[in-house]
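Asker: A single structure is presented below for examination.
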Amino acid sequence: MTIRTMQRVIEAIPTSDGAGVKLRRSIGQSPGARLDPFLMLDHFSTENPDDYIAGFPAHPHRGFETVTYMLDGHLRHEDHLGHTGDLRSGGVQWMTAGRGIIHSEMPQQEQGRMRGFQLWINLPAREKMKPAGYRDIQPEEIPAVDLPGGVRVKVIAGTLRVDGGLTPGPIQGITTDPLYLDVALPENARFTHAIPAGHHAFLYVFEGRVNVGPADAPRALGVHAAGVLSEGDAVEVADSAGGGRFILLAARPLREPVVQYGPFVMNTVEEIERAIRDYQDGALTRAPA
């Protein structure tokens with residue numbers, strides 16, 4: 001088994017989105033900071049309502065999937081089809097924008113902690129114009145597995161494979177075959193997990209600090225940073241100075257051209273121009289004739 005090493009560190013930078021929601025962006029902060037098929041990772045974390053209260057009013061998407069994982073807080077989702085959903089602490093919304101969706105994500109709290117992630121995952125060219133859809137995953141639907149040494153893993157997508165045991169998460173059967181784990185690593189603990197050869201992978205630390213890579217040559221990764229992994233068969237993460245918590249993401253790369261204009265991600269400039277026209281004339285959200 002070849003343990004993956006950490007090839008690159010992408011420090012998250014402060015930015016804002018929506019109507020001024022403050023967040024940190026690592027993957028996707030520039031075109032050169034993408035990791036196929038991952039387009040963007042935003043981390044929001046604050047107890048100041050001024051940082052989040054304006055939320056994300058109605059806006060369009062086309063061509064990719066958004067995954068919102070709420071660690072703390074409460075968001076309400078509404079879309080142009082009349083669908084609504086409540087995203088509460090520990091829950092996940094997996095939305096496929098496909099050919100087009102217009103939606104809003106608005107805080108349902110006026111005080112308290114708001115903390116979580118939004119991940120953008122690209123869709124293959126053949127799926128970019130499929131009908132939009134989404135799934136609200138309640139906290140009780142997400143398996144939480146306790147491992148030796150006090151390690152605790154929540155399985156959002158893909159399957160946790162440890163010591164011959166398999167724990168599937170609620171999201172399965174997606175073309176990019178994503179793995180999405182939330183790992184809490186206590187002091188003096190170690191976590192090892194297989195990653196299919198050829199899949200791109202990274203982890204993002206949001207509490208504490210960890211060591212990434214083989215035991216004889218680890219690299220430290222601190223809070224608010226994404227560590228992009230090399231090729232290999234598995235990832236190994238160990239505690240560094242008091243424990244840490246991170247999300248681990250892996251997926252099959254698409255190896256297709258990426259052309260992005262704000263909330264539209266397609267394969268060519270012409271497709272982006274069409275998306276803009278479709279949004280302007282209302283065709284973005286209409287089913288094809």
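The values are calculated or read from the model by the stated rules, or taken from the named source; none is laboratory data. Just so it is clear, the model here is predicted, and its values are computed rather than measured. Using ideal geometry, Cβ is built from the backbone for each residue, glycine included, and neighbour counts are taken over all protein chains shown. In case anyone asks, the SASA skips ligands and DNA or RNA and just uses the protein heavy atoms, side chains included. Shrake-Rupley method; radii C 1.70, N 1.55, O 1.52, S 1.80 Å.
Asker: Where residues in region 1-21 are surrounded by 15 or more Cβ atoms within 10 Å (Cβ to Cβ) and modelled with pLDDT of 95 or more, which of them is nearest to His74 (Cα to Cα)?
Answerer: Top of the filtered list is Ala12.
Asker: So if I check each of Asp281, Asp216, Asp182, which one is of a type in the set (Asp, Glu), open to solvent by 50 Å² or more (accessible area, probe 1.4 Å) and farther than 22 Å from Lys128 by Cα?
Answerer: Every option except Asp216 fails the conditions.
Asker: Also: Where in region 114-223 are the strands (runs of 3 or more DSSP E), entirely inside, with at least 2 residues that are at pLDDT 95 or above and in contact with a strand residue (DSSP E or B) (Cβ under 8 Å, 6 or more places away or on another chain)?
Answerer: Of the strands (runs of 3 or more DSSP E) lying wholly inside region 114-223, those with at least 2 residues that are at pLDDT 95 or above and in contact with a strand residue (DSSP E or B) (Cβ under 8 Å, 6 or more places away or on another chain) span 114-122, 144-146, 152-157, 159-162, 165-168, 179-185, 190-194, 200-212, 219-222.
Asker: List every residue pair whose Cβ atoms lie under 6 Å apart, where the two residues are 6 or more positions apart in sequence or sit on different chains, the first residue falls within region 165-183 and is within 15 Å of Ala194 (Cβ to Cβ), and the second residue, located anywhere, is at pLDDT below 95.
Answerer: As it stands, the answer is none, since no pair meets every condition given.
Asker: Which one is modelled with the highest pLDDT among residues in region 49-78 that are farther than 14 Å from Leu23 by Cα, open to solvent by 20 Å² or more (accessible area, probe 1.4 Å) and acidic (Asp, Glu)?
Answerer: Looking at residues that are farther than 14 Å from Leu23 by Cα, open to solvent by 20 Å² or more (accessible area, probe 1.4 Å) and acidic (Asp, Glu), I get Asp72.
Asker: Another one. From the residues in region 79-99 that are among the small types (Gly, Ala, Ser) and touching a strand residue (DSSP E or B) at 6+ places or on another chain (Cβ under 6 Å), which one is surrounded by the most Cβ atoms within 10 Å (Cβ to Cβ)?
Answerer: Ala97
Asker: Does Val269 satisfy the criteria of being within 27 Å of Pro31 (Cα to Cα) and β-branched (Val, Ile, Thr)?
Answerer: yes
Asker: Of a type in the set (Lys, Arg) and more than 16 Å from Ile195 (Cα to Cα): does that describe Arg135?
Answerer: In short, yes.
Asker: So, Gln260, is that one in a helix (DSSP H, G or I) and open to solvent by 50 Å² or more (accessible area, probe 1.4 Å) or not?
Answerer: Answer is no for this residue.
Asker: Also, quick follow-up: Is there a residue being in contact with a His (Cβ under 9 Å, 6 or more places away or on another chain), surrounded by fewer than 21 Cβ atoms within 10 Å (Cβ to Cβ) and closer than 26 Å to Gly82 by Cβ anywhere in region 166-178?
Answerer: no
Asker: Output the number of residues of region 185-213 satisfying the condition of being surrounded by fewer than 16 Cβ atoms within 10 Å (Cβ to Cβ) and at positive phi.
Answerer: Selection size over region 185-213: 2.
Asker: Do we have any residue at all in region 227-245 that's in a loop (DSSP other than H, G, I, E, B) and crowded, with 18+ Cβ neighbours inside 10 Å?
Answerer: Yes, some residue in region 227-245 is in a loop (DSSP other than H, G, I, E, B) and crowded, with 18+ Cβ neighbours inside 10 Å.
Asker: Separate question: So Arg277 fits all but one of (1) touching a strand residue (DSSP E or B) at 6+ places or on another chain (Cβ under 8 Å); (2) assigned to a helix (DSSP H, G or I); what number is the exception?
Answerer: (1)
Asker: Give me the pairs: first residue in region 230-251 and under 15 Å from Asp216 (Cα atoms), second residue open to solvent by 30 Å² or more (accessible area, probe 1.4 Å) and among the charged types (D, E, K, R), beta-carbon distance under 6 Å, and six or more apart or on different chains, which are they?
Answerer: Ala238/Arg190; Asp239/Glu187; Ser240/Arg209
Asker: While we're looking at this one, here's another question. Please work out which residue is nearest to Arg286 (Cα to Cα), limiting yourself to region 100-156 and to residues that are acidic (Asp, Glu) and crowded, with 16+ Cβ neighbours inside 10 Å.
Answerer: Among residues in region 100-156 that are acidic (Asp, Glu) and crowded, with 16+ Cβ neighbours inside 10 Å, the one nearest to Arg286 (Cα to Cα) is Glu127.
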